[in-house]
Amino acid sequence: FDAGTGATYSLAPQNSYVTASIVKVDILATLLRRTQVAGRGLTSSEQATAARMIEFSDNTAATALWNEVGGGPGVAQFNSLIGMANTVPGSGGLWGLTRTTVEDQVQLMRTVAYPNAVLGASQRAYLHGLMQNVTPAQRWGVSGGVPAGTTVALKNGWLPVSGGWEINSIGHIAGSGRDYVIAVLTSRNPSMGYGITTVEGLSVRIWSGITSHQVQEPILSEWNATGGGGGFLGYPATDALPTADTLGRYQLFQGGSIYWSAATGAHEVHGAIRDTWNSLGHEAGSIGYPTSDALITPDGSGRYQEFQGATVQWDQATNTTTVIPKQVIPKQ
């Protein structure tokens with residue numbers, strides 16, 4: 001969940017995974033909700049146990065607090081309050097065998113990271129602080145690729161089961177123009193190291209892709225039509241800006257641009273066609289704004305795009321572009 005844009009991105013959100021130790025965040029959140037409702041803080045004993053459970057992933061501490069909050073039914077009651085509909089607590093005291101989805105874990109981290117009606121500010125700050133202070137040996141996972149000086153609050157889980165290792169990491173990342181919560185859950189890893197490498201590789205890509213730049217209408221609809229952050233344009237590299245002729249707006253993305261004017265609507269421009277258009281002075285030049293997205297040529301040999309004053313055609317075989325005056329049909 002990207003707090004900067006309000007967008008949520010997910011892969012295989014319906015898949016269910018064994019939590020292993022990431023459920024410890026859920027356990028402590030449940031305890032904090034209970035003490036909040038009771039109008040009291042954590043006792044010194046509870047604080048010491050909670051710190052061991054989160055900062056060092058101590059299993060004995062987790063069992064103690066799991067029992068204190070009423071085990072699976074107690075955790076399930078808290079989960080229903082925050083909308084974790086697809087998390088099933090482990091039975092028989094086996095909290096590490098709780099099953100969950102990435103969507104539920106992102107919802108849990110949103111409850112920890114951002115203001116809400118279930119956990120108060122002091123409760124959230126306490127849990128968040130413990131997650132920022134996990135022992136150095138356990139700071140892998142969704143911290144991958146995140147530079148020093150950025151706030152990272154995380155909890156990891158790892159468990160060898162039949163079929164391979166469950167390697168999971170959840171957290172809140174904030175700083176350098178980014179603010180997001182993330183859950184990466186994996187199964188069937190041949191080793192713990194393999195799973196960690198997978199999680200951290202994904203974390204690197206997400207850190208690079210998420211920015212603080214927002215995408216708003218009318219550019220937003222066009223960006224979504226191209227696939228959003230997962231499409232060929234990628235993520236925004238700037239906010240929306242006024243065009244040079246002041247008649248429209250444009251926004252730069254990792255893989256191209258979107259230009260809008262009241263007369264033409266919003267259209268993407270990318271690749272060699274954009275390069276040629278830019279060389280002609282882009283929207284303030286001789287062929288004006290784009291009036292279509294890039295389209296496949298009828299013979300499949302490349303792409304063409306309509307502009308107010310011309311059509312720009314790109315030939316894939318030669319990697320060259322041709323500017324065709326308006327009213328001339330692209331060569332077939």
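The values are calculated or read from the model by the stated rules, or taken from the named source; none is laboratory data. Note that the coordinates shown come from a computational prediction; the quantities given were computed from them, not determined experimentally. Neighbour counts run over all protein chains shown; Cβ positions are idealised from the backbone, glycine included. Areas reflect the complete protein model, heavy atoms only, side chains present, ligands, DNA and RNA absent. Shrake-Rupley method; radii C 1.70, N 1.55, O 1.52, S 1.80 Å.
The listed residues Ile54, Ile324, once ranked by accessible area (1.4 Å probe) with the largest placed first, stand as Ile324, Ile54. Calculated translational diffusion coefficient of the range 210-332 (37 °C, 0.692 mPa s; Stokes-Einstein with Kirkwood radius over alpha-carbon pairs) equals 225 µm²/s. The 1.4 Å probe gives accessible areas that order Ser279, Ser221, largest first, as Ser279, Ser221. Magnitude of the charge dipole for the chain, about its Cα centre and with charges confined to Cβ atoms of Lys, Arg (+1) and Asp, Glu (-1), is about 800 debye. Ile206 contributes about 50 Å² of solvent-accessible surface, heavy atoms of the protein only, 1.4 Å probe. Computed from Cα positions, the angle between helix 23-38 and the longest principal axis of the chain comes to roughly 70 degrees. Each residue of the range 145-286 gets 136 Å³ once the volume of the Cα convex hull is shared out per residue. Extending 7 Å from Cα along the Cβ direction at Thr8 and again at Ala262 yields two label points whose distance is 3.8 nm. Accessible surface of Lys326 in the full protein assembly, 1.4 angstrom probe, to the nearest 10 Å²? Result for Lys326: roughly 70 Å² accessible. Computed with a 1.4 Å probe on the full set of protein chains, the accessible area for Phe253 sits at about 10 Å². For the range 34-63, the residues whose backbone nitrogen is under 15 Å from a point 7 Å from the Cα of Ala125, taken along Cα to Cβ, are 41-42.
For the chain, the 222 nm mean residue ellipticity estimated from helices alone, with every DSSP H stretch of n ≥ 4 adding -39500 (n - 2.57) and the total spread over all residues, rounds to -10000 deg cm²/dmol.
Protection proxy ranking for 120-129, 13-22, using the average of other Cβ atoms within 10 Å per residue and placing the highest first: 13-22, 120-129. Of the three principal axes defined by the Cα atoms of the range 126-171, the extents in descending order read 38, 25, 16 Å. What FRET efficiency do you get for Val118 and Asn67 if R0 is 25 Å and r is their Cβ-Cβ distance, rounded to the nearest 0.05? Computed FRET efficiency for Val118 and Asn67: 0.70.
Treating only the Cα positions of the range 154-237 as identical point scatterers, give the base-10 log of I(q)/I(0) from the Debye formula at each q in 0.20, 0.23, 0.24, 0.25 Å⁻¹. Those come out to -0.91, -1.04, -1.08, -1.12, one per q.
Annotation: average projected area of the chain is 20.6 square nanometres, based on the convex hull of Cα atoms across all directions. Based on the convex hull around the alpha carbon atoms, the range 1-155 presents an average projected area of 9.2 nm².
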